[in-house]
Amino acid sequence: MRNRYNLAAVLSAVILVCCGALILGQKVNAAGEGKITGTVKLDGTAPHMKGIDMSKDPYCSKAHASDPGHLETVLAGQNGGLENVVLYISEGLSGGALTEVPTEVPVFNQKNCMYMPHVLAMDVNQKFKVVTSDQTAHNIHPLPNPMINVGWNQSQPPGAPAVEKSWKAAEVIPVQCNIHPWMHGWFVVVKGPYATTDANGSYTINNVPPGNYTVTAWQETYGTQMQKVTVAAGKPGTADFTFKAK
Amino acid sequence: MQTTVRKWSLLLGAAAVLAVSQVAWAQLTKYDLESRMGTESHIGNITGHAKDAKADYRRYCVVCHGELGDGNGESFPWVDPKPRDFQLGVFKCRSTPTGTLPVDQDLFDTIARGLDRSNMPQWSTFTKQERADLVAWVKHFSPRWVSEKPGTPIQIPPEPEITAERIKAGRDVFAKVQCWKCHGVQGMANGPSAATLTDDLGRPIAPFNFTEGARPKCGSTDQDLFRIFMTGLDGTPMPSFADNIKPEEAWDLVFYLRTLEPQKSKEKAIAKQLALKPVDPNAPAGQQ
């Protein structure tokens, strides 16, 4: 008799665990399925991107002998698509979708005395790497607001090992090289899923569970814009943005 | 009657919530500072108390560093380099890695040493207890001392003997990590990037000139130099080289830097014997 009770207890425990796993599994699946897509465009003529004089460092000017470097504060494609716009969910996230930190490690490269990419988006507490491909010394010097994140300044001479770091709070952080004053980029640290537009201005934010959200688009010169978006099960939300050229 | 009481308590509650959020969002206020008056510092077996430094700070420091410690004192417009903003908790002279708070001893040393070629004199006139109290006072300005712990001081191995090999190796380090980009091949602060350097607040700043016989801001002993390039000077363009210079190489570099100075030294005599030339900025990496 006693044994039978035990068996029942074990069985019900197993069933409970299975159910729990199923429910949890579904949640993860749902989060994986939903997405928000769209394009970001520039309305008007893109401002002229000034050329960069790299003559003070022969390595840099040689690397750009055939393709002179230019500023990257507004990068508009032929169809008006805006590159390097960061899109993230500024309202409506909760639970795992908000707190889960991606395991992939985005890379910020110093190549031909430019930052590749010019804008690197990441989640709060997500690890990222700074590497150098150059045969000239750089220093990697992010300048956060010390009241929000803690800045640092590390040298990266040729062949330097990667610097691996993360940021503890959401913030748009300018990053610069003091040795090459034209080298200026951005770490855009956001909470939750994010995406950066490609050369055509398109983006996809993955891992968004069904729900109602506010999506924010950040562009370094034109600032931010917001839009309400609904993501349904099996139906991605869409949000297109247009920034006016100034 | 009861409803009016309830109404009033509701109103008061709302007002309290509003007031609290106001404090949290506002810039640092006297209220925040009052709440951190209990800040302490520990220098050896001396304990410094912020509240005991109030009078000294008001008499000697406030004119530059300001009542709220933001570096915005009365003399701010006339002082260059600008007074430190203690609220940010970012300090040049540390024994701790870049991006970390300094230990109490670092701040204590800075007060005693002063900062050469700035308006910050040596405050050796204060007793050790007074200086320890001032360290606690400096800390009470920044909320970072509440939420963060100071970094772990970097290890400085015992100083080896000065040899010709080490000085030559130091010259290779100077070339490899490209100190000359800012400091110049002869250490004259005239490297190709020297003219465009700015500090974290965007103000122009010059690299250290080794040939003038001046004292580096964060100390002039061999150990001080070692520490400077391993920790970097936060708030300035000087980065940390901790990932790229091994401790042994750091001593080599210290010895080489001495050969650039005008003062007589064993290093300088050896360099003269070796007829050591400045590094060649156009030589390919690793070939000096």
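General observations
- Residue match in segment B:218-225 (condition: in contact with a His (Cβ under 9 Å, 6 or more places away or on another chain) and assigned to a helix (DSSP H, G or I)): no
- Tally of residues being at the interface with another protein chain (Cβ under 7 Å from one of its Cβ atoms) and of a type in the set (V, I, T) across segment B:188-209: 1
- Selection within segment A:54-92 - within 14 Å of chain B (Cβ to nearest Cβ) and in contact with a Phe, Trp or Tyr (Cβ under 8 Å, 6 or more places away or on another chain): A:M54
- When the strands (runs of 3 or more DSSP E) confined to segment A:135-174 are screened for residues that are open to solvent by less than 30 Å² (accessible area, probe 1.4 Å), free of Cβ contacts under 8 Å to residues at least 60 places away in the same chain and within 15 Å of B:L233 (Cα to Cα), those reaching at least 2 such residues are found at A:138-142, A:154-156.
- Search result, residues across segment B:245-273 that are open to solvent by 20 Å² or more (accessible area, probe 1.4 Å), within 14 Å of chain A (Cβ to nearest Cβ) and in a loop (DSSP other than H, G, I, E, B): B:K246
- Residues in segment B:128-146 that are under 16 Å from the mean Cα position of the chain (by Cα) and surrounded by fewer than 21 Cβ atoms within 10 Å (Cβ to Cβ): 2 in all.
- If you check A:N200, A:N178 for being among the polar types (S, T, N, Q), more than 8 Å from every other protein chain (Cβ to nearest Cβ) and in a loop (DSSP other than H, G, I, E, B), only one passes: A:N200.
- Search result, residues across segment A:34-53 that are surrounded by fewer than 16 Cβ atoms within 10 Å (Cβ to Cβ) and within 14 Å of chain B (Cβ to nearest Cβ): A:D53
- Cross-chain or 6+ apart pairs with Cβ under 9 Å, segment B:65-83 first and more than 19 Å from B:T198 (Cβ to Cβ) and assigned by TED's automatic domain parsing to the domain that holds B:S118, then of a type in the set (V, I, T) and open to solvent by less than 20 Å² (accessible area, probe 1.4 Å): B:H65/B:V138; B:G69/B:V138; B:G73/B:V79
- If you go through segment B:87-127 and keep only what is among the aromatic types (F, W, Y), surrounded by fewer than 21 Cβ atoms within 10 Å (Cβ to Cβ) and not in a loop (DSSP other than H, G, I, E, B), you end up with nothing.
- Taken over segment A:138-159, residues that are touching a His at 6+ places or on another chain (Cβ under 6 Å) and at the interface with chain B (Cβ under 7 Å from one of its Cβ atoms) amount to 1.
- Selection status of B:D200, within 29 Å of A:P158 (Cβ to Cβ), surrounded by 18 or more Cβ atoms within 10 Å (Cβ to Cβ) and either more than 17 Å from the chain's Cα centre (by Cα) or not hydrophobic (A, V, I, L, M, F, W, C) (or both): yes
The values are calculated or read from the model by the stated rules, or taken from the named source; none is laboratory data. Not measured: the values here are computed from a predicted model. All Cβ positions, even for glycine, are placed from backbone atoms using ideal geometry, and neighbour counts span all protein chains on display. What goes into the accessible areas is simple: the full protein's heavy atoms, side chains included, and nothing from ligands, DNA or RNA. Shrake-Rupley method; radii C 1.70, N 1.55, O 1.52, S 1.80 Å.
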